[in-house]
Structures are given as structure tokens and as C-alpha cells.
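**Q** Handing you a structure now.
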Amino acid sequence: MSSQDPNNYTTLFQLAGFSGLALWGGFVSYYQRFLRAGRKFRLIIFTGEMSTSVLAGIVMFYLCRAYAVNEPLSAALVALSGLAGGKMLERAEQIMNNRVSQILGGPGDNDKGAK
């Protein structure tokens with residue numbers, strides 16, 4: 001069984017480990033933006049931040065696998081995407097929209113993401 005096979009336990013453990021890195025990045029982001037600024041802890045905001053961070057980390061994990069990025073660099077990118085959270089997902093969405101509009105040849109908002 002290959003380590004790239006999505007059905008084996010190695011991949012599941014890797015995904016769990018990388019998700020932990022993304023969570024850690026999300027916690028650091030939450031700490032920097034809310035707790036260090038003196039805001040009161042809010043469970044709903046904390047949960048949203050952690051969910052967004054894990055989603056960004058999983059997306060980055062699979063992008064790194066698709067482009068055969070080595071594990072140490074993948075770990076760093078996943079942790080940073082967890083830290084960036086929603087910003088990373090918004091940028092990925094802009095890139096995707098631009099690519100789709102280029103492929104379809106329709107009018108796109110190609111200059112919106114260039115700011």
C-alpha cells in the first residue's frame with residue numbers, strides 16, 4: 001500500500017497531525033487578535049476561528065500533496081495557513097474564480113484580487 005493512497009492509515013494519521021498544526025496556527029491567530037488585545041473570551045468566535053483554521057490547513061495539506069511538496073515544507077505551510085485562516089481561503093477563492101473565468105472566457109473580476 002502506497003503512502004499516497006488516501007485509504008491507508010498513514011494518510012489518516014498525517015491528516016490528523018497536519019490538522020493539529022493548523023489548529024495550533026488558529027489558536028495563535030485567535031490569541032494575537034483577541035486575547036492579547038484584551039478582548040473577552042467568546043466560545044462561538046473561538047470555535048469559528050478553529051473551524052476556519054482546520055479547513056484552511058486541510059486545503060493546504062491536499063494542495064501540498066498534489067504538488068508533491070516535501071513533508072517539512074508542507075508542515076510549515078499548513079501551520080501558516082492555519083494562522084491565516086479565512087484570509088487564505090478568501091485568496092484561494094479569488095484565484096479559483098479568476099481561473100474559471102479565464103477558462104470559460106466570460107467577463108471576470110480578474111483585477112479584484114490584484115489589490
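Readers should treat all values here as calculations from the given coordinates under stated rules, not as data from a laboratory. It should be emphasised that the depicted structure is a prediction, and the values quoted were computed from it without experimental measurement. No Cβ is skipped: glycine too gets one built from the backbone with ideal geometry, and neighbour counts run over all protein chains shown.
**Q** Fewest Cβ neighbours within 10 Å first, please rank LEU73, LEU15, LEU83 accordingly. The partial results should precede the final answer.
**A** On the way: LEU73 10, LEU15 16, LEU83 22.
If I rank by nearby Cβ atoms, fewest first, I get LEU73, LEU15, LEU83.
**Q** While we're here: Restricting everything to alpha-carbon atoms, can you work out Rg to Rh for region 9-85 with a Kirkwood hydrodynamic radius?
**A** On the way: Rg = 13.1 Å, Rh = 12.5 Å.
Computed over Cα atoms, the ratio is 1.05.
**Q** Could I ask something else about it? Taking 8 Å as the Cα distance limit and 6 or more residues as the minimum spacing, I'd like the relative contact order of region 9-85 as a percentage.
**A** Values: 93 pairs, mean separation 37.6, N = 77.
The value is 49 percent.
**Q** At most 10 other Cβ atoms within 10 Å and a DSSP loop assignment: could you name the chymotrypsin sites (Phe, Trp or Tyr not before Pro) in region 51-98 that fit?
**A** Details: sites: PHE61, TYR62, TYR67; in loops: TYR67.
Those that pass, being in a loop and sparsely packed, are TYR67.
**Q** Can I ask one more? Rounded to the nearest 0.05, what FRET efficiency do TYR62 and ARG39 have when you use their Cβ-Cβ distance and R0 = 30 Å?
**A** 0.35
**Q** Right, here's the next one. Which value in nm describes the separation of the simple spin-label points at PHE46 and LEU73, placed 7 Å from the Cα toward the beta carbon?
**A** If labels sit at PHE46 and LEU73, their model points lie 3.6 nm apart.
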